[in-house]
Structure formats: structure tokens, C-alpha cells
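Participant: Below you will find the structure I want to go over with you.
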Amino acid sequence: MLALVLLLAAVGLAVCRAQPSPASEAHLRAAIIYNLTKFIDWPSWKLGDAQKEFVIGVIGNDAIAAELNDAVRDKQVQGRPVVVQNVTTVLQAEQCHVLYVENSGRRQFKEMAPKLSKAAVLAISENSLGDTGIVIALPLVANHIQIQVDLKAAQNLNLIISSKLLHLALVTH
């Protein structure tokens, strides 16, 4: 429940800002990405043993990776320590639990997506859900960050999204 409140607070902050600066927008996106992890269930084979790190990968701009590093410092997801990695290869992407695709990394992700279809990687993008393999989009709409969920994409990856998140999001099937 606390995670839901934090997610709502992060989204609420985005709504209240008339025109978020790029730095504050990256900070809000990082907070939202981390909080989204609390509303997703990955298959047990993806999580592995309890000692395994929870990996958030970033394709594209390093600014969001730096903000994510700050957001997850000393935090855990499902009892696992969180690490942030820049991703440049399919092998690196397959090891991620979450893969954030920044605008500059969209073409690279499109090339990787078919190979990630069985890897249970939650792909999040800042743009709309038009891309194959993107499960959650966080577009800036009317000066706030909106959460959009492609439920079919999540189901294809064996990811279970909490109904609490689905009530907050714009959901496509």
C-alpha cells in the first residue's frame, strides 16, 4: 500500500508541475519506474534465488540511468538489491527484470525486442505503446506523466500486473 501511495505521489508531482524541466522529469520518471516494480510479479524462473540482484537496464540517455541509480540506492525489489545498468546488447537486456527504453534507444530496442519475447523483461518507454514489446509507457501528456499499460504484452511475457496499478493506468488489451 505504501508503494501505491508513493507511486501516486510521484504521478501527482508530475501533474502539479506546469512544465517540468528535463532534470526533474527524469527524476520523476526514475521514481515512477522504481515504484512500478512493486506492482509487477515476474515468473519465479526470472527472479532466480533470493541472492540474485534485481536489474533495471537502460537503453539510451545516461541521465535517466543516473536518476535511477539515485532512486534505487539502498532499496530492494522483492527482497533483492536493485542495480541499474546501461544496456547495449541483447544478452545484457535478457538479464534485466526491467528495461527502460529512452527515446534515443528506441531503434536499438526494436532490434532486440523479438529476442526478448521469452525473457520476461518488463519494457518501459517514455513514448506510447505502439512499439512491440513495450509493456508500460510513461508519456508526458498535458504536462503530466501518464501511465499506459499494454496488458496483452504483459501477458505474453508472463508478467502479472497488480489490479491496483491497472486502476491508475490507461490500459490497452
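Participant: Using the count of nearby Cβ atoms within 10 Å as a rough guide to exposure, how do 107, 73 rank from fewest to most?
Facilitator: 73, 107
Participant: Among all lysine pairs in the chain that are eight or more places apart or on different chains, how many have alpha carbons less than 20 angstrom apart?
Facilitator: Lysine pairs meeting both conditions in the chain amount to 16.
Participant: For the stretch 94-166, run through the GluC sites (Glu not before Pro) and keep only the ones in DSSP coil with at most 16 other Cβ atoms within 10 Å of their Cβ.
Facilitator: In loop regions of the stretch 94-166 (DSSP not H, G, I, E or B), there are no sparsely surrounded GluC sites (Glu not before Pro).
Participant: Can you list residues from other chains, or at least 5 along the same chain, whose modelled amide H is less than 5 Å from the amide H of residue 57?
Facilitator: Residues meeting the criterion, in which the H sits 1.01 Å from N, are 85, 97, 98, 99, 100.
Participant: So, by mean Cβ neighbours within 10 angstrom, what's the order for 132-138, 144-150 with the highest one leading?
Facilitator: Top of the packing list down: 132-138, 144-150.
Every number in this text was worked out from the coordinates using simple rules, so none of it is lab data. These figures come from a predicted structure and were not determined experimentally. Cβ sites come from the backbone with ideal geometry, for glycine too, and all protein chains shown count toward neighbours.
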